[in-house]
Amino acid sequence: MSEVTVLSSLDARRLRADFPILGRHVHGKPLAYLDSAASAQKPTAVLDIERSFYETSYTNVHRGVYELAAEATEAFEGAREKVRALLNAQSTREVVFTRGATEALNLVAYAWGLDNLGPGDIVVVTELEHHSNFVPWQYVAQRTGARFTVIPVDEAAELRLDALDEIASQGRVKAVAVGIVANSIGTVNPVEDIARWAHQQGAICVLDAAQAAPHRSLDVQALGCDFLALTGHKMLGPTGIGALWGRAELLEQMAPFNLGGEMIRSVTLERTTWNELPHKFEAGTPPIAQAVGFGAAIDYLASVGYEAIGCHERDLTAYALEGIGAIDGVTILGPPLERRGGIVSFVVDGIHPHDVAQILDYEGVAVRAGHHCTQPLMERFGITATTRASFYLYTLEEEIDRLVEGLGRVKKTFA
């Protein structure tokens, strides 16, 4: 392949030394991990701080008056402040820890949707959505009698904003849920424009940032949304931790999603009253060590810099589009480079994506094959699955070379 001009100051080869798993061999070959869109690998800084927390400061939070409890609470709430700063939220009261983006999106769909949607209302998602930002809204619309509809995509898998007027003519648009970056195909959506349109209709705007937060800086004030969900495991952090940001005035009005300890103010035989934000939505013992690890991951990303990460991923994506696109019989789905995240999703003529991925695995190249939790999008393009390669701050050009070489072997195997 021809050389792609490197604009990034990011030294991926140096950063790889921070990720122990990237030194592994698979089937006797160095691991080329090209599945970061599914979950990112973890740097030593995150692994060390989570282990240290368990070894030196672990106990439950908020409830104890002893020194260990104070240390654990400070670390846990310190992680919440890091999420607040990451998103430029006005207050930590607006940051609710969840098990991940999926739970965060379900929280909004249930706690806001069940009390605010009804017959004559419209819930809008997009044809690009991950099932986590599709199914909860579909389900709650069915529960409340609201109408569920989607913003369609064109042949380049970009949203057809010309359909918005038609959608608005069908009833009262009350909720609009959209991903910032499409996980299966990489489309970067014009979410600021969609948020403005939603507010013009009197609707809330809910953003799924699971695929965006690892790769680009986010400012909820500039985005103009009302809720935003993100997850730690795609951001170099642990599994089992994510966050929901919501406007305080909306969170105050919402009923709790889970009930139990911590989220209560008082309990009597007659009634229960709820705790203040954000604890109203955090029932039970929270993922304490995971939150501390999440905070360490945020620190690590800040030390590298989102601008450098973005430049590095654009270079890699351009390199991959050129290399994969030059292979006969391979079709790449999705938009042009300037409106695409670090994801290249493709199909090989006559070969099932699972077979493609398995042969690539024999070469030490890890990619994802399947519908990527976006079955409506797959149906839109008349396919059942794709092979997806995704890149991150530790990805090297030579790993993409190995992917391209591996695809050559795939074609020879099935010739």
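Values quoted throughout were computed directly from the atomic coordinates according to the rules given, and no laboratory measurement underlies them. Source: prediction; values computed, not measured. Using ideal geometry, Cβ is built from the backbone for each residue, glycine included, and neighbour counts are taken over all protein chains shown.
A few remarks follow.
- Pairwise inverse Cα distances across the chain, averaged and inverted, put the Kirkwood hydrodynamic radius at 22.4 Å.
- Taking every alpha-carbon pair under 8 Å whose residues sit at least 6 apart, segment 350-399 reaches a relative contact order of 35 percent.
- Taking every alpha-carbon pair under 8 Å whose residues sit at least 6 apart, the chain reaches a relative contact order of 23 percent.
- Shape parameters for segment 276-340, alpha-carbon atoms, Rg then Dmax in Å: 19.7, 59
- For the Cα trace of segment 41-179, dividing Rg by the Kirkwood Rh returns an Rg/Rh value of 1.13.
- Cα gyration tensor of segment 274-397 - equivalent ellipsoid semi-axes, whole Å, descending: 34, 21, 15
- Segment 71-99 and segment 19-66 have Cα centres separated by 20 Å.
- For segment 377-400 versus segment 259-314, the gap between their alpha-carbon centres in whole angstrom: 30
- Angstrom value of the Kirkwood radius, inverse mean 1/r, which spans all Cα pairs in segment 342-415: 12.8
- Antiparallel beta bridges, as assigned by DSSP with both residues in segment 203-326, represent about 75 percent of the total such bridges.
- Take each peptide in 285-298, 149-162, 267-280, 26-39, count the other Cβ atoms within 10 Å of every residue, and average; sorted highest first, the result is 285-298, 26-39, 149-162, 267-280.
- Residue 40 long-range amide H proximity, modeled H, under 5 Å: 234, 235, 236
- Computed [θ] at 222 nm, helices only, for the chain once each DSSP H run of length n ≥ 4 contributes -39500 (n - 2.57): -11500 deg cm²/dmol
- Within the chain, DSSP assigns beta bridges of which about 60% are antiparallel (rounded to the nearest 5).
- Sum of side-chain charges, residue 382 neighbourhood, beta-carbon under 15 Å (Lys, Arg +1; Asp, Glu -1): -4
- The phi-based Karplus calculation (6.51 cos²θ - 1.76 cosθ + 1.60; θ = phi - 60°) puts the 3J(HN,Hα) values of segment 401-415 at 4, 5, 4, 4, 4, x, 5, x, 5, 4, 5, 5, 4, 9, 5 Hz, whole numbers, x for Gly and Pro.
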